[in-house]
Amino acid sequence: MKKHIWLSLPALALCLLLAFGTSAAAFSDVPAGSWYGPAVTEMERAGLISGYPDGRFGPRDPISAAQFVSVAVRCAGLQPVQGQTGHWAAGALQTALQAGWYDWDEIPPTGERFDQPISRQLAVKILMRSQLPQARGDYITESQKMRDLSQLDGRYYEPVLAAYAAGIVSGDSLGNFNPKSGLSRAEACILFQKALKLSGHSQNTSTPAPEPQPAVTVRGGVSENGWLQVIGTQLCNEKGEAVVLRGLSSHGMQWYGQFAGRQSIQNTARYGANLFRVAMYTAENGYISNPAAVKQSVVQAVDAAIANDMYVILDWHILSDGNPMTYRNQADAFFSEMAERYRDQPAVLYEICNEPNGGVTWEANIKPYAQQIIRTIRSRSPRAVVLVGSGTWSQDIHLAAQSPLTEKNVMYTLHFYAGTHGTDLRQRIDQVLAAGLPIFVSEWGTSRADGSGGVFLTEAGQWLDFLDQRGISWANWSLCDKNETSAALRPSTSPNAVWGPEDLSQSGAFVFSRLSS
Ligand code: DCB
């Protein structure tokens, strides 16, 4: 009990300090003319760092893992989540862990290393992942700048080389990086300040957390927007204006291809859709077992969407075949042919692996697959936007964020079902957006994740409001009349008629009402 009280007093002091530290004047032990003075003062004014209760900053003290990560979370504008221990920084550390800035073993969430000095190599990794996730350094050029390269552990090569390339670190007077040593609180301030300058974050406000971007207003079809491009995390039109695509996804083309014809697609356009998704299953009697006929129906659907001036997603719908590597050669040949066919067609977006699942990993399976297929597509259609899935049915965007693709105009798909997924997955979206990852919700449903149950319209409404506030595009599963709650149409609806309210299911009525608003 005594121990508990003894521990909680400094914790309380630190919490108070974190809350009120920003109003303190300059620190008593930070001379204005010192090499770190301006950086410490600037960071303190921006509310990103704080000092000790006695008014000192302790510039030469080694910075602990908890202190470093807390500053990183604040600089990234994220909110701490629920932590696993009572430690003052447990929430911030949990946020950082979930964002993929470091791995479990580097700072275990059980807390035993929270208050120990953080190593320089780990600090730089967290700095780069949290503030400059897209930065890269050329191995040959940058490694020559480090005399003690052999001391650097392999998992830190990428961020440390990127930090050298960006001019954020430069080594000591002997040219050593000293990866296993600690760093002082003053040095940490300098690192963060440099990274923030490069990432373009303003440090002159006392509220570092940026609110989500307001809803994007530009909509319209292909004739209005032309070739799409990804700027930062936002999908934009040819002129560089933010744009949002919304529409329906087909069900499996091998089963419900009749709802992907001209009239059906036009019906969704009438309600405001500017996007259609063509879900071409690979397994389950899809493309792999019947390539010619399935491809023909897919091409017809793509052309029908184009005829309606809509953007269209060509979706390689892996599902029971959870590893995209399984049919990698077929995918390569298919996308090669399609990208050639639609090379002059700004309407087509390529979704190269619907939902990886089972024992797949981003690093070993999905990323190398994506690199190959993107190369294939881009060699035919250089400007095309490519959508890439992730593990756990395209929910593991945080794992992709740890090791993003370097190609331009790539977005990461996030799939959700309103009856199964909620706050946690939305929080994950905010974390990866903060890390610079562009997100496209290429499939979501009002049902549970199995396509039935519910419908969960309150939850679906929360999801769509969230996406609207962030300018994220979406396609709803699915445009068919199957007897399941996620289907937008009542059983026996005609695919070739103009639909009225009586043709729409509960889900369809809700989804169609959100296409245009
Ligand atoms: C995805 C798939 C999609 C699937 C829907 C709903 O799978 F991309 O193909 O569609 O979400 O489950 C369903 C149809 C059914 C059909 C079935 C099999 O609605 O009519 O019988 O595909 O072809 C997900 C998404 C998320 C999760 C699991 C699945 N999850 N899944 O989070 O657990 O197992 O299919």
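Points worth noting:
- Within segment 96-123, restricting attention to residues that are modelled with pLDDT of 95 or more and among the hydroxyl-bearing types (Ser, Thr, Tyr), the residue that is surrounded by the most Cβ atoms within 10 Å (Cβ to Cβ) is Tyr102.
- Exactly one residue out of Leu437, Leu414, Leu425, Leu457 is touching a strand residue (DSSP E or B) at 6+ places or on another chain (Cβ under 6 Å), of a type outside the set (Val, Ile, Thr) and away from the ligand (no atom under 15 Å from the Cβ): that is Leu437.
Rundown of residues vs (1) open to solvent by less than 30 Å² (accessible area, probe 1.4 Å); (2) not in a loop (DSSP other than H, G, I, E, B), yes/no style:
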{"position": "Leu467", "(1), (2)": "yes, yes"}
{"position": "Ala475", "(1), (2)": "yes, yes"}
{"position": "Asn483", "(1), (2)": "no, no"}
{"position": "Ser486", "(1), (2)": "yes, no"}
{"position": "Ala497", "(1), (2)": "no, no"}
{"position": "Ser507", "(1), (2)": "yes, yes"}
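- Residue, farthest from the chain's Cα centre (by Cα), within segment 284-338, restricted to residues that are part of a helix (DSSP H, G or I) and among the aromatic types (Phe, Trp, Tyr): Phe334
- Each residue in segment 376-411 was checked for being within 15 Å of the ligand (Cβ to nearest atom) and of a type in the set (D, E, K, R), and 1 of them qualify.
One line per residue, one yes/no per condition, for (1) out of contact with any strand residue (DSSP E or B) (no Cβ under 7 Å at 6 or more places or on another chain); (2) assigned to a helix (DSSP H, G or I); (3) on the phi < 0 side of the Ramachandran plot; (4) at pLDDT 90 or above:
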site: Ala13; (1), (2), (3), (4): yes, yes, yes, no
site: Ser50; (1), (2), (3), (4): yes, no, yes, no
site: Gly55; (1), (2), (3), (4): yes, no, no, no
site: Pro59; (1), (2), (3), (4): no, no, yes, yes
site: His87; (1), (2), (3), (4): yes, no, yes, yes
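- Residue check for Trp463: away from the ligand (no atom under 16 Å from the Cβ) and buried (at least 20 other Cβ atoms within 10 Å of the Cβ): no
- Across segment 248-268, the number of residues qualifying as in contact with a helix residue (DSSP H, G or I) (Cβ under 8 Å, 6 or more places away or on another chain) and either within 16 Å of the ligand (Cβ to nearest atom) or more than 19 Å from Ala497 (Cα to Cα) (or both) comes to 8.
- Single match in Asn365, Asn329, Asn323 (criterion: modelled with pLDDT of 95 or more and within 15 Å of the ligand (Cβ to nearest atom)): Asn323
The values are calculated or read from the model by the stated rules, or taken from the named source; none is laboratory data. Nothing here was measured: the structure is a model prediction, and the numbers come from that model. Glycine gets a Cβ as well: all are built from the backbone with ideal geometry, and neighbour counts include every protein chain shown. Side chains are part of the model used for accessible areas, which takes the heavy atoms of the whole protein and leaves out ligands, DNA and RNA. Shrake-Rupley method; radii C 1.70, N 1.55, O 1.52, S 1.80 Å.
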